[in-house]
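See below for the structure under consideration.
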Amino acid sequence: MVKKADLKLNAVMSFHACGANVGDYFRVTLPKWVLEAAEKDPDLFFTDQYGYRNPECISLWADNAKTLDGRTPLESYRDFMQSFRDEIEARGLMDVVEEISVGCGPCGELRYPAYPENKISPNSSQWQFPGIGEFQCYDQRALGNLARAGSEAGHIEWGGAGPHDAGGYNNLPHETGFFRAQHGSWDSEYGQFFLSWYSGELVEHGDRMLRCARSVFEEECGDCPTIAIKCAGVHWWYNSRSHAAELTAGYFNTRSGDNVPERDGYEPIVKICGRHGARLNFTCTEMRDIEHPFFSRCGPEGLLRQIRAAAARYGVKVAGENALCRFDQDAYDKIITNCRGEGSDRELWRQGALLPPMASFTFLRLSKELFEDDNFNSFVHFVARMANETRALGGNDEDKFVNGNEVLEALLNSEILSNLAEVRDETSSGFVAAQFSDL
């Protein structure tokens, strides 16, 4: 159907459960054979300090453990991707697949499940915004790895467990000894050791996943799709000193402390994307700082800019998404502004001083609400604006100007959308509504 319509498909290799987080409209657990393996080997899952094992995805410390009926998780991921590739090639559809987004953790994002809503296990400790979350390094493989790292650093005592003063899921930074702005443990030799280890393990997992995907989609096929991974938009506490919520999620991104310098926690991830020629998918494209409560120190605009600047320095393309399903003009204006980028000076782009245009933008999501009259009308005009206002970035200035009113009229007169009410009733929530590639 996609090929017949002369469209392209972005495929997401999902190695995580669905149903536990924001925007999850339905439930899909990990495969039964994975859950059965976890009954025999509970350390297959990420574990917090209370012993809660998160069934959203397999722990990165088990990547190379032969715990899935004699296979490793990495081997299973590769088999899944190879099966997808073989099926697409057999049907002559490889040219339809434009991008392969490789799931690297919960929600498909390269992060730890540090802030689970735990809809699947309602009796467990539930995170709520703007809680700082928790470190997820208490399965036995993680603890063994940490112990070795402590020994190699010459501090065996640092390798026993995670920080003892990091609080719980719903604590605020100033309520903990680890994350408080002044004299917090993050701003110490021990804090630097632990956070370097914790974030480094995540980056290495991302590197393994990208190598795995490349071995399938680049080394063994001709016309290869773009490979991509996704980072999470952990924007709460971004404008605080310790960036607590980012730290528990695995992004060692802090301001300068009394004892340690400022640290760009996203540069290592951008570097592995550059090394593998991968795109970086990121969210928060529609958000403004002022839309969030002041006390939670949210900084989606600064966070997005930091990541885009780092990507520009290393020649990595960034693809955007909206974090929340919104149909208001403020959100649309912000999306278009971000997608356009800044200026046309490529040298300033390479320096990270100005931001290049985004490589693509995905609008989330295809829902019943989208087809309500006002929402659908505004969405059609938004798509027309994206076509018109980003045309110069895509290449051909002679492309025809898109008139939103004409498009809307044509759609409403078509067989498919002749009755929006019927379309709305038949639409299942949870799908992508539109994608604008290579803006």
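Rule-based calculations on the coordinates, nothing more; no lab input. Computed from a predicted model, the values in this text were never measured in an experiment. Counting neighbours? That spans all protein chains shown, and the Cβs are built from the backbone with ideal geometry, glycine included.
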Under a Gaussian network model of the chain whose springs join Cα atoms within less than 10 Å, the largest fluctuation of GLU99, GLU175, GLU246 belongs to GLU175
Any chance you could run the full-extension gain for PHE129 through VAL28? It's 0.36 nm times the residue separation minus the Cα-Cα distance, nm to one decimal. 34.0 nm
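Which value in deg cm²/dmol, rounded to the nearest 500, describes the helix-derived mean residue ellipticity at 222 nm for the chain, given -39,500 (n - 2.57) per DSSP H run of n ≥ 4 and division by the residue count? Please report the intermediate quantities before stating the final value.
On the way: 13 runs with 154 residues, N = 439.
Rounded to the nearest 500, the figure is -11000 deg cm²/dmol.
Which length gain, in nm to one decimal place, applies between VAL402 and GLU262 when the Cα-Cα distance is subtracted from 0.36 nm times their residue separation? Mind dumping the intermediate values first?
Details: separation 140, 0.36 × 140 = 50.40 nm, distance 4.56 nm.
Separation in residues times 0.36 nm, less the Cα-Cα distance, equals 45.8 nm.
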For PHE46, the net charge from surrounding residues (Cβ-Cβ under 9 Å; K, R +1; D, E -1) works out to -2
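Distance check, please: which entries in LYS66/LYS271; LYS32/LYS317; LYS4/LYS32; LYS334/LYS368; LYS271/LYS368 exceed 31 angstrom between their Cα atoms? If you can, show how the numbers build up before the last one.
Details: LYS66/LYS271 29 Å; LYS32/LYS317 36 Å; LYS4/LYS32 35 Å; LYS334/LYS368 23 Å; LYS271/LYS368 39 Å.
From LYS66/LYS271; LYS32/LYS317; LYS4/LYS32; LYS334/LYS368; LYS271/LYS368, over 31 Å: LYS32/LYS317; LYS4/LYS32; LYS271/LYS368.
Stick to the Cα atoms of segment 188-270, pair each with every other, and give me the Kirkwood hydrodynamic radius in Å at one decimal.
Working: mean 1/r = 0.0695 Å⁻¹.
That comes to 14.4 Å for segment 188-270.
Over the chain, what is the relative contact order in percent, taking alpha-carbon pairs closer than 8 angstrom and at least six residues apart? Walk me through the numbers before you get to the answer.
On the way: 809 pairs, mean separation 51.9, N = 439.
Over the chain, the number comes to 12 percent.
Counting other beta carbons within 10 Å of each residue's own, what order do TRP236, TRP127, TRP33 fall into, fewest first?
On the way: TRP236 25, TRP127 22, TRP33 11.
By the 10 Å Cβ count, ascending, the order reads TRP33, TRP127, TRP236.
Given R₀ = 22 Å, what would the calculated FRET efficiency be for ASN377 paired with ASP425, taking r from the Cβ atoms and rounding to 0.05? It would help to have the intermediate numbers written out before the result.
Working: r = 18 Å, r/R0 = 0.84.
With a Förster radius of 22 Å, E is 0.75.
Could you please report the charge total around CYS231, scoring K, R as +1 and D, E as -1 over all other residues with beta-carbon less than 10 angstrom from its beta-carbon?
Details: positive: ARG111, LYS230; negative: GLU109.
Summing Lys/Arg as +1 and Asp/Glu as -1 gives +1.
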Degrees, to the nearest 10: 329-340 long Cα axis against longest axis of the chain: 80 degrees
In the Gaussian network model of the chain, springs joining C-alpha atoms below 10 Å, which of ALA228, ALA311, ALA384 carries the largest mean-square fluctuation? ALA384
Per-residue ³J(HN,Hα) for segment 9-16, Karplus 6.51 cos²θ - 1.76 cosθ + 1.60, θ = phi - 60°, Hz, x for Gly and Pro: 10, 9, 9, 9, 7, 8, 10, 9
Would you pull out the residues with amide H under 5 Å of CYS18's amide H, same chain only if 5 or more places away, H placed 1.01 Å from N? VAL28, THR29
Could you put ILE229, ILE336 in order, starting from the residue whose Cβ has the fewest other Cβ atoms within 10 Å? ILE336, ILE229
Can you give the local net charge around GLN329? Use residues other than it whose beta-carbon is closer than 13 angstrom to its beta-carbon, Lys and Arg +1, Asp and Glu -1. -1
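Assign one of three labels to segment 143-241, namely rounded, prolate or oblate, based on the Cα gyration tensor with a ≥ b ≥ c the square roots of its eigenvalues; rounded applies when a/c is under 1.5, prolate when it is not and a/b is larger than b/c, and oblate otherwise.
Values: a/c = 3.57, a/b = 1.71, b/c = 2.09.
Oblate, since a/c reaches 1.5 and b/c is not below a/b.
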Alpha-carbon centroid distance for the pair segment 138-197 / segment 331-374, whole angstrom: 37 Å
Global geometry of segment 36-96, whether rounded, prolate or oblate, following the gyration tensor of its Cα atoms and the 1.5 cut on a/c: prolate
Among ALA149, ALA312, ALA323, which one shows the highest mean-square fluctuation when the chain is modelled as a Gaussian network with alpha-carbon springs under 10 Å? ALA149
Pairing the Cα long axis of helix 267-276 with the longest principal axis of the chain, what angle in degrees results, from 0 to 90 and rounded to the nearest 10? 60 degrees
